[in-house]
1. Sort shortest first the distances from B:Asp98 to its counterpart in every other copy, using label points 7 Å along the Cα-to-beta-carbon line, and give them in nm.
2. Residues with amide H under 5 Å of B:Cys22's amide H, sequence separation 5 or more or different chain, H placed in the peptide plane at 1.01 Å from N; which?
3. Determine ³J(HN,Hα), in whole Hz, for all residues of the stretch B:85-90 in sequence, where each value follows from phi through the Karplus function 6.51 cos²θ - 1.76 cosθ + 1.60 and θ = phi - 60°; x replaces Gly and Pro.
4. Calculated FRET efficiency, A:Asn224 and B:Asp75, Cβ-Cβ r, R0 56 Å, to nearest 0.05?
5. Could I have the simple spin-label model distance between B:Thr193 and B:Gln234, label points 7 Å from Cα toward Cβ, reported in nm to one decimal?
6. Out of all DSSP beta bridges with both ends in chain B, state the antiparallel percent to the nearest 5.
7. Show that you can apply the helix-only estimate: for chain A, add -39,500 (n - 2.57) for every DSSP H stretch of four or more residues, divide by all residues, and state [θ] at 222 nm to the nearest 500.
8. Using Cα atoms only, what is the angle between the long axis of helix B:283-294 and the major principal axis of chain B, expressed in degrees (0 to 90) to the nearest 10?
There are 2 protein chains.
Amino acid sequence: MMAKQVEQDQLFIGIDGGGTKCRATIYSATQGVLGTGLGGPANPLHGLERTLESIMVSTQLALQDAGLRVEQVHDIIAGLGLAGVNIPGLYDKIMQWDHPFKEMYLTTDLHTACIGAHDGHDGAVIITGTGSCGFAIVNGETVNYGGHGFAQGDMGSGAWMGLEAVKASLVDLDGLGPKTILSESLKQHFHVTTAMGIAEQMAGQPSSGYAKLARHVFTAAEQNDEVALQIVKQGAEYISNLAKRLLEINPPRLSMIGGLAEPLNKWLDADIAKLVQLPKQPPEIGAIYFAMESTQHEIRKVN
Amino acid sequence: MMAKQVEQDQLFIGIDGGGTKCRATIYSATQGVLGTGLGGPANPLHGLERTLESIMVSTQLALQDAGLRVEQVHDIIAGLGLAGVNIPGLYDKIMQWDHPFKEMYLTTDLHTACIGAHDGHDGAVIITGTGSCGFAIVNGETVNYGGHGFAQGDMGSGAWMGLEAVKASLVDLDGLGPKTILSESLKQHFHVTTAMGIAEQMAGQPSSGYAKLARHVFTAAEQNDEVALQIVKQGAEYISNLAKRLLEINPPRLSMIGGLAEPLNKWLDADIAKLVQLPKQPPEIGAIYFAMESTQHEIRKVN
């Protein structure tokens, strides 16, 4: 990569949009992280207006936190990582936004997460939180698996695990499948006494509602509940396969992030589990690296 | 049952509410079926106002079809079969409706389907259409299994089968699971070329959107596609178990209704498949029998 003459005072903002919140970090190559800000939901697949609003809220809070004036936003180069912008129409819509930044560079949240996890270098990342997906970048080549959304994709994620727990409990409580202690756990969780009680509580719930139930599956698996063990093992097998698929392009590092990364680890294939390394930086720092790289600024590592 | 002196000229209307349409049939004990009417969606779980409106539309069309005057609705005794009225709050709300009928009797759509299927006698019924559920009545005792809704329940239904097909295709197209011809079927169905293309088409689809894909699973299973075979067999196993559970109270007959009843039949346990008998009457006639029984009129069979 050709490195421009570094403008020592150039400010960057890295923005990581997510389904529940938006994080922004302002960074100077000479002074490091100057400030951070937290905004609301910023998943453009769930609403463009809301996303742009959350980006501006997190930006303004980061400016405040950094002791900068509001109008200094015009001097800052922004890197954005947002879900769904691999869809060309959505990418174009956001790039057409009359944004306040000096320059703006946009990529997927997976890409910025990966850049952050490996501190600007090549690598692979698996996200297992409410949803699940995998991404790797090696010498400019990228691959991307999973992330097809609840309930049809995102195996091994919290939402998938919660849904499988509800399905198994309803079948058990109807006397139509194997007994599982998940049934009792979910009845207690919802303060109900019947299958229909559980079904009513979950009717129309979004993926995040199901993801809240994932911890019951891990707890039941620890108690050797056969049904819970099968769910956890099936989810972990999918995540292990996802990792193997990403490793086909030989990324030098592999990280897992998201709420299920830690509890799932011990259930992964031993070969995969031992390869997993902690992410070095969060996605918003990855978004800063992405902006630096896009402007051909020399990447100055964030400490 | 005590039989009242039959009022020869008493008119009944049977109403079967469903998620996509509402059917009404007007019946006279002396003259048989006088007329029928078809209204819009009438599932109170999806909207009470809309349900009452669809009931009135189907009623008015049935009155017209029968050559009756609009005000004669006040002389008719109504039987209603509606989803969700096993929830006491919903039952009460509908019973509080300032309805136009002489008398109104309300029960679940499953109950009226069962009464209809067995021509007013005891029996069991399994519905496998967009959703799935089972119901049986023997000597006044009723049992009710499944019907917990998409995507957490309703195994063996069209929506469940469609969802399983999409899940399997996405995993296959990512190279993360077994090959299946369902992937090609779904890509052709949606005129897309990638997993993400399928995922985008299905994002936010209701259960009926998934149910439309069920036929691809049967077609692939006929071609001995292992993945499709597994889906069909798993669905059929659940429906067979549902049937066995219903048979525990010894219903004299068992019927299956809904769009999947016929294609699923050959995949059921042989013991169950040979027990399944055609429904004798549709649910709206079951609703008429229910109204007759509720008013202690002698049930006069509909021919």
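The values are calculated or read from the model by the stated rules, or taken from the named source; none is laboratory data. A quick note: this is a predicted structure, and the numbers were derived from the prediction, not measured. Because the Cβ atoms are built from the backbone with ideal geometry, glycine has one as well, and the counts that use them run over all protein chains shown. Ligands, DNA and RNA are stripped out before the accessible areas are found, and what is left, the full protein with its side chains, is counted by its heavy atoms. Shrake-Rupley method; radii C 1.70, N 1.55, O 1.52, S 1.80 Å.
1. Shortest to longest, the spacings are 5.2 nm.
2. B:Gly39, B:Gly40
3. Calculated HN-Hα couplings, in order: 7, 6, 7, x, x, 6 Hz.
4. Working from the Cβ atoms, E equals 0.30.
5. The modelled label-to-label distance comes out at 3.1 nm.
6. Around 60 percent of the beta bridges assigned by DSSP in chain B are antiparallel ones.
7. -12500 deg cm²/dmol
8. Orientation of helix B:283-294: about 40 degrees from the principal axis.
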